[in-house]
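Trainee: Could you have a look at this structure, given as structure tokens, before my questions?
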Amino acid sequence: MAKKTMIQAITDALGQAIEQDDKVLIFGEDVGKNGGVFRATEGLQAKYGEDKVFDTPLAESGIGGLSIGLALEGYRPVPEIQFFGFVFETMDSIGGQMSRMRYKMDGTRQMPITIRAPFGGGVHTPEMHSDNFEGLIAQFPGIRVVVPSNPYDAKGLLLASIKSNDPVLFLEHMKLYRSFREEVPDEAYDLPLDKANVSREGKDITIVTYGAMVRESLKAADDLAKENIDAEVIDLRTISPLDLDTILTSVKKTGRLVVVQEAQRQGGVGNNVVSEVSQRAILSLEAPIGFVAAPDTPFPFGQAENDWLPNASDIEAEVKEIMSY
Amino acid sequence: MTAQLLDSGLSKTTLQTIYKQILSARRLDERLIQLQRTGKTSFNVSGQGQEIGQAAMVAAFDIKKDYFLPYYRDMTAFMLWGATMKDILLDSFGRAEGPSSHGRQMPNHYGAKHLNVVSQASTVASQFPLATGVAYSARLEHSDRVTLVTTGEGSTAEGEFHEALNFAGVAKLPAIFVIENNHYAISTPSDEEYAAKSLADRGAAYGIKGVDVDGLDFTATYLAFKDAVARARTGAGATLINMNVIRLLDHTSDDNQRIYRSKAELAALKAKDPLKTMTQQVLTEDIYTQAELDDLEAAIKKQINVATDQAEAAPLPDVASLTEQVYAPKEKGNGIYG
Ligand SMILES: Cc1ncc(C[n+]2csc(CCOP(=O)(O)OP(=O)(O)O)c2C)c(N)n1
Ligand SMILES: [Mg+2]
């Protein structure tokens with residue numbers, strides 16, 4: 001075991017995926033010789049060859065279609081979309097085709113594709129480079145959306161995603177890439193998909209979140225503990241479909257809920273959580289559901305980023321408000 | 001052999017102005033690199049190696065009435081289209097007065113409403129379909145204005161490029177589509193981007209004239225654009241121009257090209273710097289004397305210092321404006337109230 005950044009954990013997982021399964025192919029813009037613009041595929045082409053790890057032309061719609069065609073022929077494509085903000089170019093591949101292939105072919109075809117894409121704010125990449133559009137893809141049944149919150153999870157969830165026989169959008173938060181290190185086993189391991197993780201147990205209030213907001217929520221929970229508020233933090237890991245069991249069990253235990261997402265408040269995954277809990281556990285709630293999210297604007301300019309992005313103190317404030325209801 | 005500057009048919013005074021602008025753009029880029037490295041700005045895209053082609057391109061347009069949809073490496077082109085050093089620096093510092101986005105977007109998405117320059121989105125090649133709309137409006141209005149749009153060669157693999165060219169051919173649009181071909185898309189060399197012999201050949205596929213030009217040769221480039229502009233202005237339709245240039249520096253300030261380009265390649269590249277060639281021509285053709293060039297360098301340096309100070313001192317966008325301009329203000333008669 002060694003301490004690794006999330007980007008190193010991802011590179012590890014990609015190499016091991018190729019070793020585990022001959023059908024795994026890694027491709028995308030600048031992933032070969034250059035090793036990816038974030039260095040996620042660094043050294044992989046040199047080690048595994050140009051058949052397994054290759055550069056594509058600059059065309060995301062082409063990358064999506066290429067993945068689908070390869071998957072139809074039994075391969076396990078792991079394409080990279082250089083920034084998730086460029087997902088629009090390949091929206092037809094994702095929403096129109098791969099997410100519904102199994103369904104429309106009545107199970108005779110499958111799409112074992114894992115699309116990796118960096119996303120998220122806090123690193124001053126402007127405009128479409130930072131957008132949190134995971135909610136858009138969460139609207140499509142048939143594709144999973146997985147968002148790791150730390151290096152250990154990233155490795156296990158990525159290996160599991162690549163093994164799964166359905167498409168996965170695997171979103172890597174850019175702020176988490178290098179901001180901290182954590183013990184990550186050297187050997188390959190899988191973590192379950194469709195299963196949320198209780199990152200911190202608590203009895204007073206449940207915080208449901210994912211991605212970069214997990215660390216912010218844990219920070220908030222530590223501070224709240226000093227004021228005798230014992231928060232449970234649930235890291236969704238797979239944000240679509242939702243692991244309702246874990247969420248509902250926790251809410252029934254604590255009786256209070258705050259949902260936290262980095263994305264804009266409108267649409268989005270947090271609203272799905274609020275809606276499900278309202279429908280299934282409203283009688284267990286002792287207070288209205290709290291919600292921490294970014295304002296309903298496009299991703300803002302650099303100077304406003306810190307004001308726009310939710311953080312630990314926003315979460316703390318919301319938790320206190322719900323606790324004092 | 002690079003053609004003589006005076007063979008362009010442009011006057012000595014015009015060539016002096018253009019050379020001055022090119023030199024200003026190069027020195028300004030050097031300043032922008034410095035500002036990024038010292039942490040005063042967050043990001044820079046350098047266009048070094050593409051300046052001469054860009055200047056020759058813009059020189060063929062009537063910037064008072066034509067439209068321009070540039071891409072992120074077009075600082076020199078934008079400056080020839082009318083942007084000042086201060087404009088560029090304001091954008092780079094993310095200041096509220098910056099013309100491209102008032103500090104709301106990334107610096108190199110050049111735009112200015114008063115100059116008829118449209119700021120691009122981050123998605124490469126997405127400006128191409130937009131340019132067809134801008135060009136179509138000229139047709140609707142029976143105007144002879146011409147629309148110029150640029151992108152890099154890697155981006156021509158995107159569907160948007162092809163969709164735009166197809167429509168431009170069908171509608172005979174008064175537009176000029178330019179590929180600034182520096183033979184790399186970040187790390188990917190052009191032989192992995194496309195298999196066509198020349199990207200100019202793609203014009204034929206859409207019923208558009210395709211032209212190849214050496215963007216390191218000022219006069220050859222200018223004449224090619226002059227011809228294309230004349231055709232567009234007189235209703236002969238669009239032209240696709242594949243302008244061969246070089247990318248002297250990293251893709252952006254976030255990139256390191258030594259990972260994917262050899263030392264030998266980079267050294268050979270430096271020797272081809274088109275600014276060196278043009279400076280030599282300027283001297284040989286007696287457009288400027290060495291003494292005049294020395295004065296010019298000093299004057300540019302001063303201008304850059306002043307512009308840097310002014311831009312740095314200018315205010316940032318107000319964080320309170322963060323939630324503004326998502327929708328139009330609610331006013332009677334604008335549809336919101338029915
Ligand atoms: C749709 C989309 N995909 C990927 C990117 C990331 N990206 C930005 S520039 C670039 C390379 C563009 O190369 P080229 O078109 O040759 O222009 P150059 O940068 O060489 O001038 C890439 C891949 C993007 N901005 N938009
Ligand atoms: Mg290029």
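Trainee: Antiparallel DSSP bridges in chain A: what percent, to the nearest 5?
Mentor: So the antiparallel bridges in chain A amount to around 20 percent.
Trainee: While we're looking at this one, here's another question. Using a 1.4 angstrom probe and counting only protein chains, how large is the accessible area of B:Glu192 in Å², to 10?
Mentor: Surface open to solvent at B:Glu192 totals about 80 Å².
Trainee: Further question: Looking at the square roots a ≥ b ≥ c of the eigenvalues of the Cα gyration tensor of chain B, which shape do they give, rounded for a/c under 1.5, prolate if a/b is larger than b/c, or oblate?
Mentor: It comes out rounded by the Cα gyration axes.
Trainee: Can I ask one more? Express the relative contact order of segment B:1-72 as a whole percentage, based on alpha carbon pairs under 8 Å and six or more residues apart in sequence.
Mentor: On the way: 20 pairs, mean separation 18.1, N = 72.
Relative contact order for segment B:1-72 comes out at 25 percent.
Trainee: I've got another one for you. Each residue of segment A:207-215 in turn: what ³J(HN,Hα) in whole Hz from Karplus with 6.51, -1.76, 1.60 and θ = phi - 60°, glycine and Pro shown as x?
Mentor: Each residue of segment A:207-215 in turn: 10, 9, 7, 6, x, 5, 6, 5, 5 Hz.
Trainee: Rounded to the nearest 0.05, what FRET efficiency do B:Thr38 and A:Glu187 have when you use their Cβ-Cβ distance and R0 = 41 Å?
Mentor: On the way: r = 44 Å, r/R0 = 1.07.
After rounding to 0.05, the efficiency reads 0.40.
Trainee: Need one word for the protein assembly as shown: rounded, prolate or oblate. Basis is the Cα gyration tensor (sqrt eigenvalues a ≥ b ≥ c); a/c below 1.5 gives rounded, then a/b vs b/c decides. Numbers along the way, then the final one.
Mentor: On the way: a/c = 1.95, a/b = 1.69, b/c = 1.15.
Here the protein assembly as shown falls in the prolate category.
Trainee: Show me you know the interface measure: the accessible area buried between B and A, both chains summed, probe 1.4 Å, in Å² to the nearest 100. Mind dumping the intermediate values first?
Mentor: Numbers: alone 15620 and 13530 Å², together 26720 Å².
By this definition, chains B and A bury close to 2400 Å².
Trainee: Counting heavy atoms of the protein chains only and a 1.4 Å probe, report the per residue accessible area for chain B as a whole number of Å².
Mentor: Accessible area per residue: 43 Å².
Trainee: Compute the Cα gyration tensor for segment A:183-325, then decide on rounded, prolate or oblate, letting a ≥ b ≥ c be the square roots of its eigenvalues: rounded whenever a/c is under 1.5, prolate when a/b is larger than b/c in the other cases, and oblate in all that remain.
Mentor: rounded
Trainee: Sort out for me the Cα centre separation of segment B:125-184 from segment B:46-71, rounded to whole Å.
Mentor: The distance from the Cα centre of segment B:125-184 to that of segment B:46-71 comes to 15 Å.
Trainee: Expressed as a whole percentage, what fraction of the accessible surface of segment A:128-258 belongs to carbon and sulfur atoms when a 1.4 Å probe is rolled over the protein heavy atoms?
Mentor: Reported share for carbon and sulfur atoms: 48 percent.
Trainee: Still on this structure, please answer the following. Can you give the accessible area per residue of segment A:78-172, in Å², using a 1.4 Å probe?
Mentor: 30
Trainee: DSSP beta bridges in the protein assembly as shown, what fraction antiparallel, as a percent rounded to 5?
Mentor: Around 15 percent antiparallel, to the nearest 5.
Trainee: For labels at A:Lys23 and B:Asp295 in the simple 7 Å Cα→Cβ model, what's the distance in nm?
Mentor: Going from the A:Lys23 label point to the B:Asp295 one covers 7.5 nm.
Trainee: Over the Cα atoms of segment B:1-53, compute the convex hull volume and normalise it per residue, giving Å³.
Mentor: It is 77 Å³ per residue.
Trainee: Once the Cβ-Cβ distance between A:Asp307 and B:His114 is put in as r, and R0 is 30 Å, what FRET efficiency do you end up with, to the nearest 0.05? Write down the numbers at each step before the final one.
Mentor: Details: r = 30 Å, r/R0 = 1.00.
Using R0 = 30 Å, I get an efficiency of 0.50.
Trainee: A further question on this structure: Which percent, to the nearest 5, of DSSP beta bridges fully inside chain B are antiparallel? It would help to have the intermediate numbers written out before the result.
Mentor: Working: 3 of 25 bridges.
Antiparallel bridges: around 10 percent, rounded to the nearest 5.
Trainee: Follow-up question, since we're still on this one. Hey, got the average number of other protein chain Cβ atoms within 10 angstrom for residues in B:99-109?
Mentor: 3
Trainee: Once the mean 1/r over all distinct Cα pairs of segment A:45-129 is inverted, what Kirkwood radius in angstroms do you read off?
Mentor: 14.0
Trainee: Moving on. Can you give me the C-alpha center-to-center distance between segment B:235-287 and segment A:287-325, rounded to a whole angstrom?
Mentor: Each part reduced to its Cα centre gives a spacing of 47 Å.
Trainee: For A:Val145, which sequence-distant residues (separation of 5 or more, or a different chain) have an amide H within less than 5 Å of its own amide H, given hydrogens modelled in the peptide plane?
Mentor: Excluding prolines and chain starts, which carry no amide H, the hits are A:Leu169, A:Ile239, A:Ser240.
Trainee: Give the calculated FRET efficiency between B:Val326 and A:Ser278 to the nearest 0.05, with a Förster radius of 25 Å applied to their Cβ-Cβ distance.
Mentor: E between B:Val326 and A:Ser278, to the nearest 0.05, is 0.40.
Trainee: What distance in nm lies between label points placed 7 Å from Cα along the C-beta direction at B:Lys263 and A:Gln266?
Mentor: Taking the simple label geometry, B:Lys263 and A:Gln266 are separated by 5.6 nm.
Trainee: What residues does segment B:291-338 have that are buried by at least 20 Å² of accessible area in the full protein assembly compared to the chain on its own, 1.4 angstrom probe?
Mentor: So the qualifying set is B:Leu316, B:Pro317, B:Val319, B:Leu322, B:Thr323, B:Val326.
Trainee: Using Cα atoms only, what is the angle between the long axis of helix A:6-20 and the major principal axis of chain A, expressed in degrees (0 to 90) to the nearest 10?
Mentor: Relative to chain A, helix A:6-20 is tipped by roughly 50 degrees.
Trainee: Using just the helices of the protein assembly as shown, give the 222 nm mean residue ellipticity in deg cm²/dmol: DSSP H runs with n ≥ 4 each add -39,500 (n - 2.57), and the total is spread over all residues, rounded to 500.
Mentor: -11500 deg cm²/dmol
Trainee: List the residues of segment A:94-134 whose accessible area drops by at least 30 Å² when all protein chains are present, compared with their chain alone, using a 1.4 Å probe and counting only protein heavy atoms.
Mentor: Relative to the lone chain, where solvent access is computed with a 1.4 Å probe, segment A:94-134 loses at least 30 Å² at A:Pro126, A:Glu127, A:Met128.
Trainee: Okay, moving on. Any residues in segment A:14-44 that have 40 Å² or more less accessible area with all protein chains than in their chain alone, probe 1.4 Å, and which are they?
Mentor: Residues losing area: A:Asp30, A:Lys33, A:Asn34.
Trainee: Out of the total accessible area of chain B (probe 1.4 Å, heavy atoms of protein only), what percent is carbon and sulfur?
Mentor: In chain B, the share of accessible area belonging to carbon and sulfur is 53 percent.
The values are calculated or read from the model by the stated rules, or taken from the named source; none is laboratory data. Fair warning: this is a prediction, and the values are worked out from it, not measured in the lab. Backbone-built Cβ (ideal geometry, glycine too); neighbour counts: all protein chains shown. Remember, those area values only see protein heavy atoms, side chains included, never the ligands or the DNA or RNA. Shrake-Rupley method; radii C 1.70, N 1.55, O 1.52, S 1.80 Å.
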